[in-house]
Each structure stands twice: as C-alpha cells, then as structure tokens.
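These notes are about the structure you will find just below.
The values are calculated or read from the model by the stated rules, or taken from the named source; none is laboratory data. Since we're looking at a predicted model, the values are computed, not measured. Ideal geometry is used to build each Cβ from the backbone, glycine not excepted, and the neighbour counts take in all protein chains shown.
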Amino acid sequence: MPEGHTVHRLARQHLDLFAGTVVRASSPQGRFAGGAEVLDGRRLVGTEAYGKHLLHHFEPREDGGAILHVHLGLYGAFTTGPYPAPEPRGALRLRLANEQWWTDLRGPTACELFDPLAREQLLGRLGPDPLRDDADPVLAYNRIGTSRTAVAALLMDQRVVAGIGNVYRAELLFRHRISPFRPGRDLAPEEWTALWRDLRTLMRAGVRSGYIVTTRPEHRSRRRVAPAREDRFYVYRRAGLPCRVCGAEVRRQELVGRNLYWCPRCQAS
Ligand SMILES: [Zn+2]
C-alpha cells in the first residue's frame, strides 16, 4: 500500500503538471462517469495531500466548487505521461489530461467528489500528518499515551497518525529499539517526540526520492550513494534474516491484519 510520502509526491506532481490549466476529465471504465462530467473542463487550482488521502481542488462555478478525493488503498495507482495519452485500456477509473500531460487512475479504494464540508469531516477524522507543516504531534500523543493498545497498532491507525503504513511503522520502531507490542501508554513523551522527529525526516526523504530508506550507511551490505533495494530496510520483509545490528533472527507476525516485522533482541521491550 502506498504510504504518505507517495501521496504527497503525487500531490506535488499533479500540481506541477496540471495546476492553472483546464483539465479534461473522463472515466473510460464508467464507474466515475458522473464525477468526471462535473470536473471536465474545469481549471485545477490546487492539490493537497493529507495522510494517504489526495485532494484535487478545481475552480468553483455557479454550481459550487469541486474537490476530487482519491484514496489509493492497496491496489490503486496513477500512471502519468506526456501528451498524447494512450488509448484507454482496462479498468481506467479516471483520466485527467491537459494539452501537455495526462494521468490515469486505476484501482483506487475511493475516487469521489467532495464538497468543503466533506473535506473538513475527513480531515477531522485523521491524526496529524508528519509531512504537513500544520501537524501537531501532541494530538497523536494524547491518544497514544493513554492507550493500552500496542504501539505498532496505534501507529497504523490513521486517526492517530495519518500517512504511516506498514514499512514506516516497522522501521521506525526498530530505529528507536521499541518493542512493537509495548502499550502506547508506556511510551514516554520524550520517546514520542524522538519518534515523530525521525518520522518527519524519513518521510520527507521519501517524498524527495520516491522510495523509503531507513538504514544507516554502516548497516548496509554495500556502500552506495543510492542503497540497493535489499539494503533499504532493517526489518520490513526481512523475516528469518539476521538483524543488521545484532544478528538475531528478524521475526514476523500478523497484527491487526498486517504483517509486522521486528527484531526480538533489539526491540525486547
Ligand atoms: Zn537486532
């Protein structure tokens, strides 16, 4: 599943390519035909990412403004390229295009029109997003620090922190040597402050590069400027392999329906 950095990257890319231009919208598959009709021919005035939610703001008309809300979910993806756009194929939910660029959306969990109230309601349900400058980490700690739930489950809860996915949560806890099973209320405020800062740094790097790297150079098998795929993580998808720091076998277990990875020695408590 795309994590917050991917969605923020898309927001920036779509802003670069489409903002200020009149956008043609269509739903070749038909499932968003009504929504595409509303958006078609409007000018894109801005984009916004909040956690894993992507919002496109279109110019208002007599009938009001229009906001496109997209959540990619597990399988959704955008494909983007220069004009001319290819023949529509497959389950193409939405195509946005201007005279220079096109972007195709397939397989999203949500692709719908929002009014400003729906946007407010969505943002009101989400925890702070580490990639947004307006994020307040205290709001997240208010929930974490009073919960008996395992910190690994809390970090995946979008009402607590918006934008973290399976990779960042596993890697973040490893980097701070925190057991994923520790109850949230046993996390000290200064530990949360350190986690939040690190998360911001890691996710911002993810926005810049387009991929996640959490390993420090001294823990990689090869020294390279851009770490090889197998060198990017400490524990994520490394079950059965030796921990990069202590050599213990990395473990995997299902937690709230997703695979959790951790080092039982480095993250003992
Ligand atoms: Zn270890």
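For the reader, a short list of remarks on this structure follows.
- Scan of the range 221-238 for residues that are more than 18 Å from Ala150 (Cβ to Cβ) and within 15 Å of the ligand (Cβ to nearest atom), ordered by number: Phe233, Tyr234, Arg238
- Filter result for Val250 (surrounded by 12 or more Cβ atoms within 10 Å (Cβ to Cβ) and near the ligand (Cβ under 9 Å from one of its atoms)): yes
- Which numbered condition Thr103 misses (of (1) out of contact with any His (no Cβ under 9 Å at 6 or more places or on another chain); (2) of a type outside the set (A, V, I, L, M, F, W, C); (3) in a strand (DSSP E or B); (4) touching a residue at least 60 places away in the same chain (Cβ under 8 Å)): (1)
- Selected residue (criterion: surrounded by the most Cβ atoms within 10 Å (Cβ to Cβ)) from residues of the range 129-167 that are among the hydroxyl-bearing types (Ser, Thr, Tyr) and out of contact with any Phe, Trp or Tyr (no Cβ under 9 Å at 6 or more places or on another chain): Ser147
- Checklist (1) in contact (Cβ under 8 Å) with a residue 40 or more places away in the chain; (2) under 22 Å from Leu154 (Cα atoms) applied to Val207, failing item: (2)
- Consider the range 62-80 and keep the residues that are of a type in the set (Gly, Ala, Ser) and closer than 30 Å to Val167 by Cα. The one that is nearest to the chain's Cα centre (by Cα) is Gly73.
- Residues in the range 4-61 that are within 28 Å of Val161 (Cβ to Cβ) and part of a strand (DSSP E or B): Gly46, Thr47, Glu48, Ala49, Tyr50, His53, Leu54, Leu55, His56, His57.
- Checked against (1) within 16 Å of the ligand (Cβ to nearest atom); (2) of a type outside the set (Ser, Thr, Tyr); (3) buried (at least 17 other Cβ atoms within 10 Å of the Cβ); (4) outside any loop (DSSP other than H, G, I, E, B), Ile178 passes all but condition (4).
- The number of residues in the range 204-229 being at pLDDT 90 or above and under 23 Å from Arg252 (Cα atoms) comes to 8.
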